[in-house]
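Undergrad: The structure is given below, and queries will be raised subsequently.
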Amino acid sequence: MLLAVVIVADLATAVYAVFEGPFPAVVPLGSPLAYKNIYIHPPTAITTYIIFGVASLAGALYLWRRDRRFSRLAFYAVALGVVYGFTTLATGIAWASESWGEPWSWDPKQTAVLLMVLAT
């Protein structure tokens, strides 16, 4: 239940930031719409790394303590991390295609997120 509340609050904040956040009329590189993605993509990417870090820590604690609560925490963190990971990939692809003209350039950051999501 708490997880659903957090996800709804996160989505509401993202939607509010996209529609109400300020952005310049002219951006030196890329399009002004790509600038709005700064409200979604970096926080989502950082949250993805944190969630997968929590999953790793919970998995290590489960192996050390053999407590089923850590196993459940790791499972739910990985499930949530995959959702956030695909969101990070989607917003990164949208940003790259608007800013650099191609959606995928095998940039190390793009590749790292792809490998992180595929590894789960």
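Throughout, read-outs are computed from the coordinates displayed, never taken from laboratory work. All values reported here derive from a predicted model rather than from experimental measurement.
Undergrad: As I understand it, the value is the acute angle between the Cα axis of helix 2-20 and the longest principal axis of the Cα atoms of the chain; what does it come to in degrees, rounded to 10?
TA: With both axes taken from Cα atoms, the answer is about 10 degrees.
Undergrad: May I have the convex hull volume per residue, in Å³, for the Cα set of the chain?
TA: 95 Å³
Undergrad: Using θ = phi - 60° and the Karplus relation 6.51 cos²θ - 1.76 cosθ + 1.60, list the HN-Hα couplings for segment 74-82 in order, rounded to whole Hz, with x at every Gly or Pro.
TA: Working through the residues one at a time gives 4, 4, 5, 5, 5, 4, 5, x, 5 Hz.
Undergrad: While we're here: For the chain, what is the mean residue ellipticity at 222 nm derived from helices alone (per DSSP H run of n ≥ 4: -39500 (n - 2.57); sum divided by total residues; nearest 500 deg cm²/dmol)?
TA: So the helix-based figure for the chain works out to -26500 deg cm²/dmol.
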